[in-house]
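Q: Below is the structure I would like to discuss, written out as C-alpha cells.
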Amino acid sequence: MRLSIYGVAILLLFITLCSDHTTYTVYAATSEGVEITYGSVIKLMHEKTKYRLHSHNVPYGSGSGQQSVTSFPNVNDANSYWIVRPDTETSVKRGDNIKSGSIIRLQHMRTGKWLHSHLHASPMSGNLEVSGFGDDGNSDTGDFWRLEILGSGKTWRQDQRIRLRHVDTDGYLHSHDKKYSRIAIGQQEVCGVREKRADNIWLAAEGVYLPTNESNKAM
C-alpha cells in the first residue's frame, strides 16, 4: 500500500540526504513482498508491542552516556527512520538485495549516529546497552548487526519477521513493555539479550525503499 500526503513528506525529507536522481518508492507498514535494499530508509517495528525503533539527541544518564535508543509508540515520528547500510568491508552497492546472514548497519537518519551496542548495562533491565554512536566517518564493529530472517526467506522483504544479532556481543536487538518515567517518558527500553525470545522479533514498517538493482536492469 502506498502512502499519500504523509508519504510525500517523508520522501522529500529523504531526498535532502541524496545528491543523485534515484527513484524512490514510499510504502506503509508490512507491504507484501517489498524488498529491503541497501540505502533504503525504514522504520523497524517491534512485533510484540508495535512500537518503532527510535533515537534522538538525548544521552543516557548512565552506562556509556552515548545517544539513547528507545522504542516509540507514535507511528508518524521522524526520529524513527534508519538508513540501511552495509558493513564497512563489503563491496555491495545501494539497491542490492540483503540476504539472510548479511551484516548490516543502521544509521539514524536525523542524527547520523549508528545503531550500536557494547557491554555497558542497559539503564532499566541491566541487559546489554543499545545506543547511537559515531558518524559517517566513524564506525566500527560495534555497529555491526547480523540479519536473521525467520522462516524460509532468503532475502529481506518488508513482510518478513527478523532478528538482528549484534556481532560483537552476540546480543539480539530487543525491546519490551517496560517504559521510561523520565527523559523519554512513555518510551520503551531497547537493549540486547543473548537469548532468542518473542521480544526480539522486528518487522520493516514504513519507509522509503530503493528499487532493487535487479529491477533497474529489467527496465
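The values are calculated or read from the model by the stated rules, or taken from the named source; none is laboratory data. Not measured: the values here are computed from a predicted model. Using ideal geometry, Cβ is built from the backbone for each residue, glycine included, and neighbour counts are taken over all protein chains shown. Please note that ligands, DNA and RNA were not included when accessible areas were found on the heavy atoms of the full protein model with its side chains. Shrake-Rupley method; radii C 1.70, N 1.55, O 1.52, S 1.80 Å.
Q: Test of understanding: among ALA121, ALA205, which residue is within 20 Å of ALA78 (Cβ to Cβ), surrounded by 14 or more Cβ atoms within 10 Å (Cβ to Cβ) and among the small types (Gly, Ala, Ser)? Write out each step before concluding.
A: Details: ALA121 fails: within 20 Å of ALA78 (Cβ to Cβ).
Of ALA121, ALA205, the one residue that is within 20 Å of ALA78 (Cβ to Cβ), surrounded by 14 or more Cβ atoms within 10 Å (Cβ to Cβ) and among the small types (Gly, Ala, Ser) is ALA205.
Q: Then there's this: Kindly check whether there is at least one residue in region 160-168 that is open to solvent by 20 Å² or more (accessible area, probe 1.4 Å), out of contact with any Lys or Arg (no Cβ under 8 Å at 6 or more places or on another chain), in a strand (DSSP E or B) and at pLDDT 95 or above.
A: Looking for residues that are open to solvent by 20 Å² or more (accessible area, probe 1.4 Å), out of contact with any Lys or Arg (no Cβ under 8 Å at 6 or more places or on another chain), in a strand (DSSP E or B) and at pLDDT 95 or above, one finds none in region 160-168, hence no.
Q: Find all pairs meeting these conditions: Cβ atoms under 7 angstrom apart; at least six residues apart or on different chains; first residue within region 45-69 and free of Cβ contacts under 8 Å to residues at least 60 places away in the same chain; second residue in a loop (DSSP other than H, G, I, E, B) and open to solvent by 30 Å² or more (accessible area, probe 1.4 Å).
A: ASN57/THR111; PRO59/GLY65; PRO59/GLN66
Q: Could you grab me the full set of residues in region 80-113 that are touching a helix residue (DSSP H, G or I) at 6+ places or on another chain (Cβ under 6 Å) and within 15 Å of THR155 (Cβ to Cβ)?
A: Correct list: GLY95, ASP96.
Q: Name every residue in region 99-157 that is aromatic (Phe, Trp, Tyr) and touching a residue at least 60 places away in the same chain (Cβ under 8 Å), in order of residue number.
A: Listed by number, the residues that qualify are PHE133, TRP156.
Q: Right, next: Taking region 177-204, which residues are under 16 Å from the mean Cα position of the chain (by Cα) and charged (D, E, K, R)?
A: GLU189, ASP199
Q: If you don't mind, there's one more thing I want to ask. Suppose we keep only residues that are in a strand (DSSP E or B) and charged (D, E, K, R) within region 107-151. Which one would you say is farthest from HIS166 (Cα to Cα)?
A: Going through region 107-151, the residues in a strand (DSSP E or B) turn out to be 107-108, 114-121, 128-133, 135, 138, 145-149.
Add one more test, that the residue is charged (D, E, K, R), and what stays is 129, 135, 146, 148.
On the way: GLU129: 11, ASP135: 18, ARG146: 6, GLU148: 11 Å.
Once the filter is applied, the top-ranked residue is ASP135.
Q: Of the residues GLY33, GLY63, only one is at pLDDT below 95, closer than 19 Å to GLY192 by Cα and open to solvent by 30 Å² or more (accessible area, probe 1.4 Å); which? Even if it seems obvious, please write down each step before you answer.
A: Working: GLY33 fails: closer than 19 Å to GLY192 by Cα.
Going through GLY33, GLY63 in turn, just one is at pLDDT below 95, closer than 19 Å to GLY192 by Cα and open to solvent by 30 Å² or more (accessible area, probe 1.4 Å): GLY63.
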